[in-house]
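Report on the following structure.
The values are calculated or read from the model by the stated rules, or taken from the named source; none is laboratory data. Because the structure is a prediction, the values reported are computed rather than measured. Cβ placement follows ideal geometry from the backbone for every residue including glycine, while neighbour counts extend to all protein chains displayed.
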């Protein structure tokens, strides 16, 4: 199954997204869950309409594909701010809280190594939670 990257951005009021391979295919949502639902519908509508008008559709959409949501660092940290405090993120990433706040506010952009630290730490927590039972 092919993976299609959906770029996600977070504003003050909502989430917005687009797919580079499908120019003009965009979506928004008040929540991330709503955005995912809306983007799935937008992709289906975009492909259906493109076929009706004879527009070219990238081959990646000819068979099964999976939408994968890619956040920029500031949007990801803002998305999870109610779940992970900067203190908690510092513990799991090893990145100073002040620096994390600068990333979350967009005041500075992390280097590739810092992005990897953040992503690896969040994935590690996710893997750990998947095997926990109550």
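Descriptive notes on the structure:
- Scan the range 5-16 for residues that are crowded, with 19+ Cβ neighbours inside 10 Å and within 19 Å of residue 57 (Cβ to Cβ) and the total you get is 1.
- Some residue of the range 79-101 being touching a strand residue (DSSP E or B) at 6+ places or on another chain (Cβ under 9 Å) and either in contact (Cβ under 8 Å) with a residue 24 or more places away in the chain or outside the structural domain of residue 9 (by TED's automatic domain parsing) (or both): yes
- Filtered residues of the range 82-108 (kept if in contact with a helix residue (DSSP H, G or I) (Cβ under 7 Å, 6 or more places away or on another chain), closer than 17 Å to residue 10 by Cα and in a loop (DSSP other than H, G, I, E, B)): 106, 108
- Test: residue 114 is within 22 Å of residue 9 (Cβ to Cβ), out of contact with any helix residue (DSSP H, G or I) (no Cβ under 6 Å at 6 or more places or on another chain), assigned by TED's automatic domain parsing to the domain that holds residue 9 and in contact (Cβ under 8 Å) with a residue 12 or more places away in the chain: no
- Some residue of the range 41-58 being assigned to a helix (DSSP H, G or I) and within 21 Å of residue 106 (Cα to Cα): no
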